[in-house]
Amino acid sequence: MNTIRTLCFVIAALSSYAALVYRLTQARRSWQDSAYRALITTLVLQCLTFTMGAVAMGGDSFLGVGNLAILGMHLSAVAFCVSAQIILLRWAAADEDARRKSRYWVIIGIALNAALTALFFLADGPGRPSSDFDTGSGQPLVLVYLLAFIVSQAVPCVTIFRQCGPYARLTDNASLRQALRMLSVAAVVLFLYCSARTVNILTAAAGVDIGAWALASNVFSATGIAILSLSLTNSSWGPAAARSLEWVRTYRSYRALYPLWRDLYESSPDIALEPPGASVSASVSDLDYRLHRRVVEIRDGWRDLRPYIDRTDRGAGGPEPGASEESRQAFTEAAQLRRALHAKRAGTMPHDNKDAGDFDDRDPDNFSAEVAWLTQVASAYSKLGRAG
């Protein structure tokens, strides 16, 4: 169990420091932005929380005062939660409204830290074993201290979650919207940490051993902090990640269309603007263009085949039972294309053919829909080829 606790702590600490270092690399061009400075303050406090946690794990005293590192960790955590709330206000509220509400949260943070400090010394925090601050050990003042700390963490989680949804719907900035959604997820997971921590404290005070379930708080804490770190850096890496994902989707579509394109090209070589393999690097560096060309060439090859497409042929194979109408249509089209290619090679033209029509039965009104539809047909075409 101690190994899992240590691993969770390391994950949370490393994600915090990684987020701070990543954001500090942008200091030269962003330092004049107040929202950026507030973000750096939040990440510093987040890292300080885990630094004090590491010190607390290393010994019972800090600067000659027993359990002072535990108090420092808790005070930093409160300041960190308040700072995260201020970050949300900087992202989503008007400047004047953000400043007013930020002052409100700063006052609350100072009051909470003063109360925790007073409770710590009233409970004789420096003279107690450090294990008392894990479970409370049934000591009333220590229990009050720990529960007050949990409440100080849970309340910002609730307020952040309640605000992220409306703010995300209002903003037109896709990166900010994604960051707010991730922040709301982090708030939920960290609230679960607070709940699990409360259960640990209360069951220990009641003398109930919940066994391995006591680790739930550590898992929730590490997961929530990792998601939070990602949300606080999303505006930097989010757009690049979105472009990468879009490139991957485009490449998958490009590759999925290849078997259908290859057979249509062999049947009608004139459809290709460039011979296959003429520009291998272009398929990677200019993938959007290559995908557009592949879609156009498939449609041209398909059009050349129309005199050989038998409209009465519904295909021998088909999708799984219960498949959608669109999937069934894709298999029908794929089967007709396979038969048409054979008919063209054999020089036989069916009597009931699609000799002059266009794609009136399936003509998507935008390129993304066109790619999605042709990908379904190409997938069905490949499955029929393997089955045949």
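The values are calculated or read from the model by the stated rules, or taken from the named source; none is laboratory data. Note that the structure is predicted; figures quoted are calculated from it, not measured. Every residue, glycine as well, gets a Cβ built from its backbone with ideal geometry; the counts of neighbours run over all protein chains shown. Only protein heavy atoms, including side chains, enter the accessible area calculation; ligands, DNA and RNA are left aside. Shrake-Rupley method; radii C 1.70, N 1.55, O 1.52, S 1.80 Å.
Is segment 20-135 best put as rounded, prolate or oblate by its Cα gyration tensor, with a ≥ b ≥ c the root eigenvalues, rounded for a/c under 1.5, and otherwise prolate when a/b is larger than b/c, oblate when not? In terms of gyration-tensor shape, oblate. Computed over protein heavy atoms with a 1.4 Å probe, the carbon and sulfur contribution to the accessible area of segment 220-266 reaches 60%.
Expressed as a whole percentage, what fraction of the accessible surface of segment 9-111 belongs to carbon and sulfur atoms when a 1.4 Å probe is rolled over the protein heavy atoms? Numbers along the way, then the final one.
On the way: 3310 of 5070 Å².
Carbon with sulfur: 65 percent of the solvent-accessible area.
For a distance above 20 Å, tell me the whole-number percent of Cα pairs in segment 93-178 that qualify. Show your work: numbers first, answer last.
Numbers: 1914 of 3655 pairs.
It works out to 52 percent of all Cα pairs.
Taken along the Cα-to-beta-carbon direction at a fixed 7 Å, the label points for Arg100 and Tyr289 span 5.5 nm.
What value, in deg cm²/dmol to 500, does the helix sum -39500 (n - 2.57) over DSSP H runs of n ≥ 4 give at 222 nm once divided by the residues of the chain?
On the way: 14 runs with 289 residues, N = 388.
Mean residue ellipticity, 222 nm, calculated: -26000 deg cm²/dmol.
Considering only Pro129, Pro350, Pro156, the mean-square fluctuation computed in a Gaussian network model of the chain, springs between alpha carbons under 10 angstrom, is largest for Pro350.
Residues in segment 287-312 near a label at Ala346, defined as backbone nitrogen under 16 Å from the 7 Å Cα→Cβ point? It comes to 307-312, nothing else. For segment 152-298, the spread of Cα coordinates along the three principal axes comes to 81, 37, 21 Å, biggest extent given first. Annotation: amide H of Phe62 within the under-5 Å range of Asn67, Leu68, Ala69, sequence separation 5 or more or interchain, hydrogens built in the peptide plane.
Farthest towards the positive end of the charge dipole of the chain, among the residues Gln85, Ala226, Val55, is the Cα of Val55, using unit charges on the Cβ of Lys, Arg, Asp and Glu. For segment 41-68 and segment 111-162, what is the separation of their C-alpha centers, rounded to whole Å? Segment 41-68 and segment 111-162 have Cα centres spaced 15 Å from each other.
Which helices pass in the chain if a helix is a full DSSP H run, must span at least 15 angstrom along its long axis by Cα, and must have mean Kyte-Doolittle hydropathy not below 0.5?
Values: long enough: 2-24 (33 Å, 1.17); 34-58 (36 Å, 1.23); 68-92 (36 Å, 1.72); 95-122 (40 Å, 0.43); 140-170 (45 Å, 1.28); 174-205 (47 Å, 1.20); 216-256 (45 Å, 0.10); 287-305 (27 Å, -0.95); 325-346 (31 Å, -1.04); 367-387 (30 Å, 0.32).
Helices passing the filter in the chain: 2-24, 34-58, 68-92, 140-170, 174-205.
Put one equal scatterer on each alpha carbon of the chain, apply the Debye formula with no solvent term, and list log10 I(q)/I(0) at q = 0.09, 0.11, 0.13, 0.14 1/Å to two decimals. Here the Debye-derived log intensity ratios amount to -0.71, -0.83, -0.99, -1.09. Spread over its residues, the convex hull of the C-alpha atoms of segment 221-274 is 87 Å³ per residue. Of Lys344, Lys383, the order by accessible heavy-atom surface (1.4 Å probe, DNA, RNA and ligands excluded), from most exposed downward, is Lys383, Lys344.
Counting only C-alpha contacts under 8 Å and six or more residues apart, can you give the relative contact order of the chain as a whole percent? Mind showing how you got there, number by number?
Details: 435 pairs, mean separation 51.8, N = 388.
This gives 13 percent for the chain.
Ordering Tyr145, Tyr251, Val295 by the projection of their Cα atoms onto the charge dipole of the chain, which places +1 on the Cβ of Lys and Arg and -1 on the Cβ of Asp and Glu, puts Tyr145 at the extreme positive end.
Taking a point 7 Å out from the Cα of Asp124 in the direction of its Cβ, none of the residues of segment 48-63 has a backbone N less than 11 Å from it. Take the chain with all the other protein chains still there, run a 1.4 Å probe, and you get 52 Å² of accessible area per residue.
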